[in-house]
Amino acid sequence: MINFAENKLSLLKIENMKDYQMKNYKKLLLEAIQAGDVAGILRGEKRYCIEPPTSVPDVFPTDICQVLAEYFYKQNDIDKIQDILEDSLIELSQSSAVDLYISVLFFDAILFMQEKNIASFTIHTSTVAQAISKGVKLFQKELNDSITFPNGLVKIKPMRQLEKFNQKYQQNQRFSIIE
């Protein structure tokens, strides 16, 4: 026999847990800042990860737009949040081919959100683009092969996607991430 009172309680626990997790993005971000691990948020490391939708036809380590909204744009009261995000993107772009690709995915989403006036702050596009360009040159061999995200997902020939992004940036933004 089904105990509806018990099931209702379980559903309330789940709803409260979702609210609890949503309210803790700021706490997690502050902890990451203190630990020097904001890049871990962008990488989608376990404790920070926001699962991407399963309907997305590409490989992503985390839900990029949700991460930007929850961890950064809704936290614009945190001192120097713009600099923290920029520095983390730059750090990732120089770290590894996987991290560079993650940096570019976030960079592209940021540009889109800025263009659509969704972002609560803007980044210094040219500074981040220069760092990404250096990273592309540094990790070109791996980017022309395949990369494996920490969650095991594999992106084949990510350079193709970077070239598509670059073509868009050259046409719309007048800068390049590929030398």
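Readers should treat all values here as calculations from the given coordinates under stated rules, not as data from a laboratory. Not measured: the values here are computed from a predicted model. Using ideal geometry, Cβ is built from the backbone for each residue, glycine included, and neighbour counts are taken over all protein chains shown.
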Requested in this report: Could you please state, rounded to a whole Å, how far the C-alpha centre of segment 91-151 is from the C-alpha centre of segment 69-89?
Outcome: 16
**Report entry** the chain: most fluctuating residue of Ile84, Ile118, Ile50 per GNM, C-alpha cutoff 10 Å
**Finding:** Ile118
Report task. Subtract the Cα-Cα distance of Leu153 and Ser126 from 0.36 nm times their separation in residues, and report this length gain in nm to one decimal. Result -> 6.7 nm
Report task. Grab the beta carbon distance between Glu31 and Lys137, set R0 = 30 Å, and tell me the FRET efficiency rounded to 0.05. Result -> 0.35
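If you average over every viewing direction, what projected area does the convex hull of the Cα atoms of segment 105-179 give, in nm²? Each step should come with its number before you reach the end.
Numbers: hull surface 22.2 nm².
Result: a mean projected hull area of 5.6 nm².
Using a simple charge model, +1 on the beta-carbon of Lys and Arg, -1 on the beta-carbon of Asp and Glu, nothing else, what dipole does the chain show about its Cα centre, in debye to the nearest 20?
Working: 21 positive and 23 negative charges, 61 e Å.
Once rounded to the nearest 20, the dipole reads 300 debye.
Can you tell me how much longer the chain between Asp79 and Lys46 gets when fully stretched, taken as 0.36 nm per residue apart minus their C-alpha distance, in nm with one decimal? Don't skip to the end; give the middle numbers.
Details: separation 33, 0.36 × 33 = 11.88 nm, distance 2.53 nm.
Here the segment from Asp79 to Lys46 would lengthen by 9.3 nm.
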Query - Cα-based convex hull, segment 22-179, per residue volume (Å³, whole number) - result: 108
